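Trainee: Take this structure, written in structure tokens, and hold onto it; I'll ask about it next.
The values are calculated or read from the model by the stated rules, or taken from the named source; none is laboratory data. Given the structure is predicted, the values throughout are model-derived calculations rather than measurements. Backbone-built Cβ (ideal geometry, glycine too); neighbour counts: all protein chains shown. Remember, those area values only see protein heavy atoms, side chains included, never the ligands or the DNA or RNA. Shrake-Rupley method; radii C 1.70, N 1.55, O 1.52, S 1.80 Å.
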Amino acid sequence: MTASVVSSVLQRLGDLVIQEATFLSDVPRQVSSMKAELSQMQCFLNVVDAKCLEGNSMMKNLASNIQDVAYRVEEVIDNAHFIFRRRNTSVSKYTHIFGDSIDLREVGKNIQVIRKEISEIFERYNRYNAVNSSTSTEAQPIFREDEDFYAQRLVLPGLDQGMDIVGFDHEIAQIKSYLLDQNNMNLTVISIVGQAGAGKSTLAKLAYSSVITEGYFHKYGWVSISPKYSALEVLRDLVRQIRGTGKISERKSMHLNFYGETEVSKLLFDFLKEERYLIVLDDIWTTDTWDKIKSVFPDKGNGSRIILTTRDMEVGQHPKTKLQIHTPDLLDEDKSWELFQKKAFPHDVQFTELEVVGKKLSKKCNGLPLALVVLGCFLSRNHNIHTWEKMVASVDWEIMKKEGDVGRILALSYHNMSNNLKACFLYTASFPEDYPITVHVLKKMWIAEGFVPNIRGYTQEEVAYRYVEELAQRCMIQIEERSKNIGWIKKIKVHDVLREWGIGQARKEGFLKVCSSGTDVETYYADEQRCYRVAFHGYFDNEVGKSVLNLRSVLAFNPDGKRLFSFNGLHLLRVLHFCSSLKTCTLPEEINKLVHLRYLGLEGNTVFMFPSYMKGLRNLQILEASTATVKALPSSLWSIAALKHVHVYQVLHWKAQEIRTKRSLQTLYVFSIMQCDALTWKRTIRSLQKMSQHVSWCLGIASTKRVKEKETQEHEEYNLDIRVDALESKVDGLELSGCFKEHHVLNDVLPHHNLFPNFLLQLKISCPNILNDDPMPILERLPRLEVLEIVNSSYTGKSITCSSEGFLALRSLVLMDLGLEEWNLQQGSMAFLAVLTLKCTMLRSISNVLHQLDDLVELRLICMPQLSVDDHEAARGRGCRVMISVDEEQNSDN
């Protein structure tokens, strides 16, 4: 991975010379000299990386030393960028001229010191013959990132890799027969047991998806259970999926995030006890897991079922209830070839000259679906017969057959990737098992890490998204969710086998350590290089900066009972992502020590509190908290000149009177601002509108039913033990305003319906280009929503669908200035709608909609002459008052 690190630094050095040459005086000559040094080194580093993987300890030391030097060059670049931004953002460009001159000389001196150190490193290794003729093996050609980027075949929107049913037809039928057996009305567990990669989860998902459309079961839920699972989070997830939409069930689950395991267990039991349910427990590792959660599943003799998938037969046989064991069959030669063809030739293009060797390769996968999928996807990019024949001869298939290991096939695909793409794949292993990774967050993290190059004609966001598509095409990741209208990938997962392989590979290359205990942090194995990134899962080392020196990235997921850690020794940190399970979490003042931090990510059911001063984070580019609540964003945040993206789900108290990051800010998104006075709000909007660059922004302002005295308001706003649910219970209205210059910036920003305020009565969305996907499937599940307005080109799609029993409380609907062409309103939806206002000039007919609206009292049509007489008659035939106008100011009865 050393070559990847140096490649990233080279790009930043080039940008420094190009963008800031006139400002940096004599420094560009020294920077260019450093760039030339690293460029000459890069081709050799591909050989170094290869030798490291072979176990050459001297090469590992060399690689580690070079990575240290490369990261020190990055520090110099960051300092130079800061000096440049400080001068450009000063009131007068002469304000810091004396200090800048001193700092620039220091930059030049540091570069000279680093160049001298590079020379000493290679002199030392040459002296001990660490670099000699034995390492002069012909280097692999450097992957031309830009050429491949233009040439690569992208994943089509409808092409998902995870649900192939080759050879599964009879097995799906068998599972369904267990699920729908009306001769057995006892609660029954169906255990699907098989080796890694055998298709257990795919089989469960296919059977599950097929059954839920038949309406036999009343409640459904699917949870994935990792080895380091939290029983409480598993139970909470099930409650969120299966709870009803009525007032009683909603009231019971409203404070779910504040319940303990006993309360959540009782709540789940109550939801299930009168229903026929189907629950999937995917990927259980131990018998203890079943023992902890089995009591929440009532057996009322109504035919309820549980599907359990596991690699361990002991686990599959453990439940003491009625049990069915199913072991997926491995594919025979014909089915193996069929699945291999689907992946190797995704566009139904047949290469007859490859059939013979292709059948040999598919046979050597021993019928294991995952091996066939990964190998087929890998070879889909190279239809050269000599390459295929070489694989048959070179790979040690017999060892793979004996060990049941697909790692060798994964390694083939991995080592065929560019250095940047390798880094992007290994990074996905930092997330917990079965974790749904949001693509727009992942892209931001990749960019902050330096994995995404600048390619002419594309933004870094677009390049990062191409990487997601290529990893999906190679079947190295699984597509979990797509944007329905446009087909963009929104969420991904990593198969547990690929993730386990990635974790091991990342440790070997010194890229990343995944730690679940103190032992993991402290232990280094003989075949590993020193790591610069650490991901904590369910555990945290408060002194990680001392345990692992020179860390560049720290990711922490649900470190139970841990507040944010000490930042001692983390002054080089570039990426910090913290997922908290606490009620409140305070970021300490010492976070300002992280002067190189580019990405700060926060998530969890937590109120995060920032220090009042944050200007020390002078290189911060991204604040990503799009699923988190923040008490307040300090005004000092907007003084950070490097800040590009601010995404926050909820801010309890808005203080920003002006947004001052005028040169760098690209996107600002705050879904819900709970408290803000009118003057502050006006100043914020005015400052956004005055920005010189194109900024995509959306701010949601909440309205409340209460009017408080000033003393009471201040006391509640600044109470450190504030409860989000208590505040949300007062919210009855929400308005989203703004303007998105590029409609794909956030890949749709509406959160899951569970994240909306519980008592929301009114919602207005007026933000051009903010929604690409149909918003109705989310909004129709808001149980108290009475007034909904979607206006001002906020939705970019051409159709909406409202399902039966959706919008149960809606009384007024406004759809204006949208490009709608089709509206599918199913029977039973919007059952109490009284007033409908439309200004959608592309909508050709509404008669089918009107036939479903039995309670409609008033129909307002604005600038819609395209509607036929039949539409008007359909409204009048129901006794509805029709008001027609040629603009928004005029109404006429008709």
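Trainee: Calculate, axis by axis, the spread of Cα positions in the stretch 357-505 along the three principal axes, and write the results as whole Å, longest axis first.
Mentor: The Cα atoms of the stretch 357-505 stretch 43, 33, 31 Å along the principal axes, largest first.
Trainee: What is the distance in Å between the Cα centroid of the stretch 169-226 and that of the stretch 851-884?
Mentor: Each part's Cα centre sits 46 Å from the other's.
Trainee: Follow-up question, since we're still on this one. Which one of Pro775, Ala831, Leu850 is farthest out on the positive end of the charge dipole of the stretch 731-873, using unit charges on Cβ (Lys, Arg +1; Asp, Glu -1) and the Cα centre as origin?
Mentor: Farthest towards the positive pole: Pro775.
Trainee: How many percent of the accessible area of the stretch 411-541 is carbon or sulfur, using a 1.4 Å probe?
Mentor: 46
Trainee: For Lys228 and Asn384 in the same chain, what is the full-extension length gain: residue separation times 0.36 nm, less their Cα-Cα distance, in nm?
Mentor: 51.8 nm
Trainee: In whole Å, how far is the Cα centre of the stretch 589-631 from that of the stretch 450-466?
Mentor: One Cα centre to the other: 25 Å.
Trainee: Heavy-atom accessible area per residue, the stretch 168-326, 1.4 Å probe: how many Å²?
Mentor: 43
Trainee: Tell me, what is the per residue accessible area of the stretch 778-845 in Å², probe radius 1.4 Å?
Mentor: 39
Trainee: Accessible area per residue for the stretch 547-631 in Å², computed with a 1.4 Å probe and the full protein assembly in place, what is it?
Mentor: Spelled out: the 1.4 Å probe surface of the stretch 547-631, per residue, equals 29 Å².
Trainee: Related question: Quick one: with all protein chains in place, what share of the accessible area of the stretch 764-894 is carbon or sulfur, to the nearest percent (1.4 Å probe)?
Mentor: 45
Trainee: For the stretch 168-326, which whole percent of the accessible surface, found with a 1.4 angstrom probe, sits on carbon and sulfur atoms?
Mentor: Result for the stretch 168-326: 48 percent of the exposed heavy-atom area is carbon or sulfur.
Trainee: Which value, in nm² and rounded to one decimal, describes the direction-averaged projected area of the C-alpha convex hull of the stretch 168-326?
Mentor: 9.0
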